[in-house]
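Chemist: This structure is in structure tokens; I'll ask about it shortly.
Throughout, read-outs are computed from the coordinates displayed, never taken from laboratory work. Quick caveat: nothing in here was measured; it's all calculated off a predicted structure. Note: ideal-geometry Cβ built from the backbone for every residue, glycine included; neighbour counts use all protein chains shown.
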Amino acid sequence: MALPMEKPAPPQHIAIIMDGNGRWAKKRGLPRTAGHAAGAESFRTIANYCRTLGVKYLTVYAFSTENWKRSQEEVAGIMKLLRSYLEEALRDMEKNRVRFRFFGDLTRLSPELQKLCSDAQNRSEEYDVQVNFCLNYGGRDEIVRAARAFAQDCRDGRHSPEDLSEALFSGYLYSADVPDPELIIRPSGELRTSNFLLWQSAYSEFVFMNVLWPDFTPEDLDRAIEEYHRRNRRFGGT
Ligand code: FPP
């Protein structure tokens, strides 16, 4: 009798570009903010599912450095969703066993949202999954800030330029203590990285899917993970 096939372990770090909220709303004749609200629900479902699967890190692109160009109403709508999610998460921290980190320059956020981010980040009880929220985040901005911080350390005598290695540079990024994502998923049919995790994605497998983020289900995540397992990861070797 054939033994049932064991599911291979999921990647330890999955990153997602939560794209397609606007189109999802447009298709239904709803305001864009309704698409983001539905996207926030998808995020809740997928974060829970990642925890069930044993994924250790989930990084999501929630707001980019370029997203400030959107209407004031849309920006305020996304910020409101983040606020209510973090308030709820702070209440349920022990039950959900999630730890939060934030990648991005938070100083442009409202003082209230900054406080929620720092409260969530400072609460690091027992946890199963770490969620990294990219907020006012851009991959190029992250690299420029890291380069600036290293230059400052050289000026202050803590380092000299010859010290710089890939490992040392990684330590200046928002993701300093987080392993690189093995899998990056972009739903919504767009085939771009849009300034997401530029440094960290050097060897990531990208899976692009034709589903809009608010329609993304745990089965879609299973499909993306299956696709990841089908690929032969060689890291430049043979
Ligand atoms: C991209 O879709 C999505 C965003 C810019 C915002 C993502 C934010 C959320 C899902 C809500 C955040 C809150 C929580 C709790 C995670 P788009 O608007 O560019 O879609 P489109 O390309 O179809 O217009």
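Chemist: Rounded, prolate or oblate: which fits the range 4-93 when a ≥ b ≥ c are the square roots of the eigenvalues of the alpha-carbon gyration tensor, with rounded for a/c under 1.5 and prolate only if a/b beats b/c? Show your work: numbers first, answer last.
Modeler: On the way: a/c = 2.18, a/b = 1.77, b/c = 1.23.
It is prolate, given that a/c is not under 1.5 and a/b is the larger ratio.
Chemist: With each label point set 7 Å from Cα along the Cα-Cβ vector, what nm distance links Lys80 and Thr107?
Modeler: 2.9
Chemist: Right, another one. Between the DSSP loop rule and a limit of at most 13 other Cβ atoms within 10 Å, which GluC sites (Glu not before Pro) in the range 23-116 are left? Spell out each step's value before the answer.
Modeler: Details: sites: Glu41, Glu66, Glu73, Glu74, Glu87, Glu88, Glu94, Glu112; in loops: Glu66.
For GluC sites (Glu not before Pro) across the range 23-116 that sit outside H, G, I, E and B with at most 13 neighbouring Cβ atoms in 10 Å, the list reads Glu66.
Chemist: Using Stokes-Einstein with the Kirkwood hydrodynamic radius over Cα pairs, what translational diffusion coefficient do you get for the range 42-143 at 37 °C and a viscosity of 0.692 mPa s, in µm²/s rounded to a whole number?
Modeler: Rounded, D is 233 µm²/s.
Chemist: To the nearest 500 deg cm²/dmol, what mean residue ellipticity at 222 nm is calculated for the chain from DSSP H runs of n ≥ 4 alone, each contributing -39,500 (n - 2.57), summed and divided by the residues? It would help to have the intermediate numbers written out before the result.
Modeler: Numbers: 8 runs with 100 residues, N = 238.
The helix-only estimate for the chain comes to -13000 deg cm²/dmol at 222 nm.
Chemist: Want the number for Arg70 to Lys7: 0.36 nm per residue separation, take away the alpha-carbon distance, what's left?
Modeler: Working: separation 63, 0.36 × 63 = 22.68 nm, distance 4.19 nm.
Difference between extended and current length: 18.5 nm.
Chemist: Using a basic spin-label model with each label point 7 Å from the Cα along Cα→Cβ, how many nm lie between Glu41 and Ala151?
Modeler: Each label point lies 7 Å from its Cα, and together they span 4.7 nm.
Chemist: Taking a cut-off of 16 Å between Cα atoms, list the lysines near Lys80, but don't count ones fewer than 8 places away on the same chain.
Modeler: Reachable lysines: Lys115.
Chemist: For the range 91-238, what is the convex hull (Cα atoms) projected area averaged across all directions, in square nanometres? Walk me through the numbers before you get to the answer.
Modeler: Values: hull surface 48.4 nm².
With the hull built on Cα positions only, its mean projection is 12.1 nm².
Chemist: With a Förster radius of 22 Å, plug the Cβ-Cβ distance of Arg123 and Thr52 into 1/(1 + (r/R0)^6) and report the FRET value to the nearest 0.05.
Modeler: Values: r = 22 Å, r/R0 = 0.98.
With R0 = 22 Å, the Cβ-Cβ based efficiency is 0.55.
Chemist: May I ask for the net charge around Leu212, where only other residues with Cβ less than 9 Å from the Cβ of Leu212 are counted and Lys, Arg are +1 while Asp, Glu are -1?
Modeler: Values: positive: Arg23, Lys27; negative: Asp19, Asp215.
Within the 9 Å Cβ shell, the charges total 0.
Chemist: With each pseudo-label sitting 7 Å past Cα toward Cβ, what's the Ile143-Glu226 distance in nm, one decimal?
Modeler: My value for the distance between the label points is 3.5 nm.
Chemist: Shifting gears a bit: What stretch of the chain, leaving out the sites themselves, is the longest with no trypsin sites (Lys or Arg not before Pro) in a DSSP loop having at most 16 other Cβ atoms within 10 Å? Please list the in-between numbers first.
Modeler: Working: sites that count: Arg28, Arg70, Arg97, Arg123, Arg158, Arg192, Arg231, Arg233, Arg234.
Result for the longest clean stretch: 29-69.
Chemist: Give the Rg/Rh ratio for the range 56-101, taking Rg as the radius of gyration of the Cα atoms and Rh as the Kirkwood radius, to two decimals.
Modeler: On the way: Rg = 12.9 Å, Rh = 12.3 Å.
Using Cα coordinates only, the ratio equals 1.05.
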